[in-house]
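The structure under discussion appears below in the form of structure tokens.
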Amino acid sequence: MKGRALRVPRSRGEETRLLLRGLGCLRTDLEVGEDAQGLLFPIVGDRTPPEGLGEVTEAEFVVSVPRGPQDYRDLLEWPPSELAHLPRSFDVVGDIVLIRLPTELEAQGPQIGAALLKFVPGARLVGQDRGVLGPERRRQVVRLAGSGPWTTRHRENNLALDVDLEGAYFSPRLAREHARVAAEIRPGDRVYDLCCGVGPFALTIARDGRAVEVVGIDANPVAIQCLRATLARHRFRTRVEVVEDQLDHFVVDRAPFERVVFNLPLEGIKYLASVGKLVSRAGRLFYYEVVERDAVSRRPGELIDRLGGSSEWALGESRTVHPYSPTADLVAFTFERSRG
């Protein structure tokens, strides 16, 4: 179908869509098109887009098939200038949605929560994520919309995990890491999962069946309760020892194991030297830390010095897991201990 069009560069597509929609200029019965020069937005016949926004022309369009909103922001009747500040991403944990909001949008939290509750299939509760605080790594959450408790059951890597988002640490963004580390476990390995939270590393490793012993340790009783609840539903529960203890107490008299997972990104450096002693000769340490991007290249050497030096340790690999802030990333380091 032929109609009036506004041609803009592809780099300005989202900005233009929001502006045209806010001005009532965007036709919703036609699909956005494209040609070699950019994107083609179908515009209402009697409306004139702002001058300088793009080139007004004519184009052939595909008639749009009626469908639901493609973005939760489409459900908010806000000016384009305000919509542009809304976060694009959010996390879904079981039937709970978590979103981080800039300070200037916190007052509109209930409206945002209502939009997400409608947009995400099966959502029961929407919360504002204000970050993880304290030695027990409890997430600070504020209810925006919906009802019920912060407990849920989350599925990842073909496992259903019991999760308490307010009471114990869990991040759905680490699902690939849980599977990646589990895949590196060799038959007969013994594994420590330190500061295990609700136990996704320990559970995935135990489920795969190559490790002969897996020990999950955390100081947070809520996390331990969640881990035990998940284990109770699985036959591999006998392969996992669950320990509720402070990390500095736990490391004192434990024998070294072939594989150690240590995910305490903001405070782990304080315990790194002691944790290294839990890794047996020729064993591996999977360590996670939030690192400023301009420090990533030198960080492995600094961490090896903490562990005991280059004669004792070597870097196997390092990889960025996901962005943490505008200037830092969560980085996964794999260190290998020498054979002695």
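Suppose we filter segment 125-151 for residues that are within 17 Å of the chain's Cα centre (by Cα) and farther than 23 Å from LEU264 by Cα; how many remain? Spell out how you get there, then give the answer.
Residues of segment 125-151 that are within 17 Å of the chain's Cα centre (by Cα), as a first pass: 126-133, 137-141.
Retained after the next criterion (residues that are farther than 23 Å from LEU264 by Cα): 126-127.
Of the residues in segment 125-151, 2 are within 17 Å of the chain's Cα centre (by Cα) and farther than 23 Å from LEU264 by Cα.
Out of segment 306-335, which residues are of a type in the set (A, V, I, L, M) and either closer than 14 Å to GLU289 by Cβ or not assigned by TED's automatic domain parsing to the domain that holds GLU292 (or both)?
The initial filter retains those residues of segment 306-335 that are of a type in the set (A, V, I, L, M), namely 307, 314-315, 321, 328, 330-332.
Result: LEU307, LEU315, VAL321, ALA328, LEU330, VAL331, ALA332.
Any residue that is of a type in the set (S, T, N, Q) and within 35 Å of the chain's Cα centre (by Cα) - is there at least one of those in segment 72-82?
Going through segment 72-82, the residues of a type in the set (S, T, N, Q) turn out to be 81.
Of the ones still in play, those that are also within 35 Å of the chain's Cα centre (by Cα) are 81.
There is at least one residue in segment 72-82 that is of a type in the set (S, T, N, Q) and within 35 Å of the chain's Cα centre (by Cα).
Yes or no: VAL222 touching a strand residue (DSSP E or B) at 6+ places or on another chain (Cβ under 6 Å) and surrounded by 24 or more Cβ atoms within 10 Å (Cβ to Cβ)?
Working: touching a strand residue (DSSP E or B) at 6+ places or on another chain (Cβ under 6 Å): yes; surrounded by 24 or more Cβ atoms within 10 Å (Cβ to Cβ): no.
When the stated conditions are applied, VAL222 does not pass them.
I'd like to check something: does segment 304-312 contain any residue that is touching a residue at least 12 places away in the same chain (Cβ under 8 Å), at negative phi and exposed (fewer than 12 other Cβ atoms within 10 Å of the Cβ)?
The initial filter retains those residues of segment 304-312 that are touching a residue at least 12 places away in the same chain (Cβ under 8 Å), namely 304, 306-308, 311-312.
Adding the requirement that they be at negative phi leaves 304, 306-307, 311-312.
Cutting the leftovers down to exposed (fewer than 12 other Cβ atoms within 10 Å of the Cβ) gives us 311.
Yes, there is a match, as at least one residue in segment 304-312 is touching a residue at least 12 places away in the same chain (Cβ under 8 Å), at negative phi and exposed (fewer than 12 other Cβ atoms within 10 Å of the Cβ).
Restricting the search to segment 223-254, which residues are without any contact (Cβ under 8 Å) to a residue 12 or more places away in the chain and either aliphatic (A, V, I, L, M) or outside any helix (DSSP H, G or I) (or both)?
Residues satisfying the conditions are ALA232, VAL252, ASP253.
Scan segment 292-340 for residues that are over 21 Å from PRO172 (Cα atoms) and part of a loop (DSSP other than H, G, I, E, B) and jot them down.
Of everything in segment 292-340, those that are over 21 Å from PRO172 (Cα atoms) and part of a loop (DSSP other than H, G, I, E, B) turn out to be VAL296, SER297, ARG298, GLY308, GLY309, SER310, SER311, GLU312, THR327, SER338, ARG339, GLY340.
Could you please let me know if VAL240 is more than 26 Å from the chain's Cα centre (by Cα), assigned by TED's automatic domain parsing to the domain that holds ALA183 and of a type in the set (A, V, I, L, M)?
Here the answer is no, as VAL240 does not meet what is asked.
Have a look at VAL260, VAL296 and point out the one that is within 20 Å of CYS195 (Cβ to Cβ), assigned by TED's automatic domain parsing to the domain that holds ILE217 and either modelled with pLDDT under 95 or among the β-branched types (Val, Ile, Thr) (or both). Steps first, answer last, please.
Numbers: VAL296 fails: within 20 Å of CYS195 (Cβ to Cβ).
None of the other options fit; the residue is VAL260.
Name the single residue that is surrounded by the fewest Cβ atoms within 10 Å (Cβ to Cβ) among those in segment 255-273 being in a loop (DSSP other than H, G, I, E, B) and of a type outside the set (A, V, I, L, M). Step through it out loud before you land on a result.
Within segment 255-273, the subset in a loop (DSSP other than H, G, I, E, B) is 255-256, 264-267.
From what's left, of a type outside the set (A, V, I, L, M): 256, 265, 267.
Details: PRO256: 15, PRO265: 22, GLU267: 12.
Per the stated criteria, the residue is GLU267.
The values are calculated or read from the model by the stated rules, or taken from the named source; none is laboratory data. Computed from a prediction, not measured in an experiment: that's the story for all the values here. In this analysis, Cβ positions are derived from the backbone assuming ideal geometry, glycine residues included, and neighbour counts consider all displayed protein chains.
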